[in-house]
Amino acid sequence: MGNELRTGVFVCHCGINIAGVLDIEDLCEYAGTLPTVVAVKPNLFTCAETGITEIKKAIQENDLNRVVVAACTPRTHEPIFRASCQEAGIDPYFFEMVNIREHCSWVHRQAGEAAQAKARDLIRMAVAKAAFLEPLETFRSNVESRALVLGAGISGLTSALALAGEGFEVILLEKEAEMGGLLRDLHKLAPSDMAATEFIAEKISAAEAENRIQCFTSATLEEVTGYIGNYSVRFSSGEEVHTQKVGAIIVATGGAPLQPVGLYNYDGKRVITQSELELKLKDGKIDAKSVVMIQCVGARVPERNYCSRICCMVAIKNSLHIKEIVKDAKIFVLFRDIQAYGVENEALFLKAKEAGVRFIRYSLDNLPVVEDGKVKIYHQAMGKKVPLPADLVVLSTPIVPHDDAQGVAQILKVPVNEYDFFLEAHAKLSPLDFSTSGIYLCGNAHYPASVREAIGQALGAASRAATILSHDTIERVGTVATVNTGLCSSCFACVKVCPYQVPQMNEEGKAEIEPMQCQGCGICVAECPAEAIQFRYVSNEQILAVCEALCA
């Protein structure tokens, strides 16, 4: 192929997503005038089979050694195009992608000429950068075919059993003295009406009987080091301290219902929570003829501005169970909005109405007032305050993270959101992954979830972990930071700024970066005052070439 740069540019219509705003023919003509470009091709959908075939064909017919695709987001489609380049015989890292959909046609839909000019600039910059692309080496590391699952509620047990069923060893840690999580204290599960304790007991028995699962209760996670495929974990269980090697970690630490201290005269006797009502229902001891349930207690307020999602269905389910015990009970559910999504949940909602459960809307401007033996509510339809008899008041409170969520997050070096729920890498593209590779999450640790949702997420997290554990080795491409120790001034800047705590100082006092652990964020590269750290896929030469092309 020689040393001559031969670049091919492929511009995507993306249906009307791009072509509805940008002139694709003009972009192709312009790309053909750029240095090193020897082939240009428009595609209706470049990521489709026909578009991929066109790329491969052009590489072979035009002896291309650089490829630029102007299309949509690299986040979702770059791996497809890289693979196409590799199949056609050129290094997959001699590929550059331009996002002219999100960066041009979508955001500048009302400014067609400016969007067109910007798309030209982006293509010119990408072609300039492509000239300085280099092959990247890959790193390999052995994989420990064992997983760590944190939490032995329904999510953790489901994940552990799924992985064990695939033949992998699992270390299951539960901080409480017993496994089972929230389901130990629930009465029945909706909409199946299955006894919660029986359901979770079966899972616990299965985990204890599974030879591949080591169960530890009263366990505390103390330290996690290493990287995807090779984590070293230290934890204590009772008086014993254990150190184990694992290849993947699943966070299923769950959550807990908020204790409504100071709200609506909560006393745990005549004013209780739904969780406390569940215990009464399990014992079959309901001595109240009139029950008032208040929804969104401590949720959807400035201190906790999220919907817990499951509280409405818990109230509906428990209302029907009260009706089974006390046939003539009067039940009022005071709500702001009803969250009864799904066909089965909607049917249960209608069943509660048919059974005589009354649903009354309230607003934050007129909160219910709990008094001795009654609850006053402003009835919006009647336009006045109405007293409701209340032998028992039940508060529906949201699921909140455990108090130790931040501590676990710091040990694992993973993020939490403003409420201390664990934060996924991407809500749509990676809903069960952390930004740190090899660590996954599910259940209430992530966000309030029903039992069905928690099980689904747990199976998904186990599946994601299995994609790592099923390999003897794991490969990492060199899109990571590297250190020139000869230039390192031992200033510790990289150690201080890395959000993943990857850079370490070696025995000579020089910085070292483990390539399998580096997430490729580039912060250390920008921070290093001696310019001792480089990021080969975004090198100084490439950045300068892009800047010069922009100003040309």
Original post:
Counting only residues that are touching a residue at least 12 places away in the same chain (Cβ under 8 Å) and charged (D, E, K, R), which one in the range 389-427 is nearest to G298 (Cα to Cα)?
Top reply: D420
Subject >> Residues being in contact with a Leu (Cβ under 7 Å, 6 or more places away or on another chain), in a loop (DSSP other than H, G, I, E, B) and of a type in the set (A, V, I, L, M, F, W, C) - total across the range 1-50 >> reply: 0
Subject >> Flag if I338 is of a type in the set (A, V, I, L, M), in contact (Cβ under 8 Å) with a residue 24 or more places away in the chain, touching a His at 6+ places or on another chain (Cβ under 7 Å) and outside any helix (DSSP H, G or I) >> reply: no
**OP:** Have a look at A177, A160, A164 and point out the one that is aliphatic (A, V, I, L, M), touching a residue at least 12 places away in the same chain (Cβ under 8 Å) and either closer than 30 Å to L350 by Cα or assigned to a loop (DSSP other than H, G, I, E, B) (or both).
**Re:** A177
Subject >> Unmet criterion (only one of (1) at pLDDT 95 or above; (2) among the hydrophobic types (A, V, I, L, M, F, W, C); (3) in a loop (DSSP other than H, G, I, E, B)) for V68 >> reply: (3)
**OP:** Among residues belonging to the range 356-365 that are closer than 17 Å to H321 by Cβ and surrounded by fewer than 16 Cβ atoms within 10 Å (Cβ to Cβ), point out the one that is farthest from the chain's Cα centre (by Cα).
**Re:** G356
Original post:
Pairs, please: C-beta under 7 Å, at least 6 apart or cross-chain, first residue in contact (Cβ under 8 Å) with a residue 24 or more places away in the chain and assigned by TED's automatic domain parsing to the domain that holds R66 and in the range 99-125, second part of a helix (DSSP H, G or I) and of a type in the set (S, T, N, Q)?
Top reply: R101/N17; S105/N17; A115/S105
**OP:** Inspect all residues belonging to the range 403-418 and state whether any of them is in a strand (DSSP E or B) and buried (at least 21 other Cβ atoms within 10 Å of the Cβ).
**Re:** no
Original post:
Based on what the data block shows, is L189 outside the structural domain of E29 (by TED's automatic domain parsing), over 30 Å from G8 (Cα atoms), surrounded by 22 or more Cβ atoms within 10 Å (Cβ to Cβ) and within 27 Å of the chain's Cα centre (by Cα)?
Top reply: no
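What's the total number of residues in the range 96-134 that are outside any helix (DSSP H, G or I) and in contact with a Phe, Trp or Tyr (Cβ under 6 Å, 6 or more places away or on another chain)?
So the count comes out to 1.
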**OP:** Check V375, V370, V297 and return the single one that is part of a loop (DSSP other than H, G, I, E, B), touching a residue at least 40 places away in the same chain (Cβ under 8 Å), farther than 17 Å from H187 by Cβ and among the aliphatic types (A, V, I, L, M).
**Re:** V297
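The values are calculated or read from the model by the stated rules, or taken from the named source; none is laboratory data. In this text, all values refer to a predicted model and were calculated from it rather than measured experimentally. Neighbour counts are summed over all protein chains in view; Cβ atoms, including those assigned to glycine, are modelled from backbone coordinates with ideal geometry.
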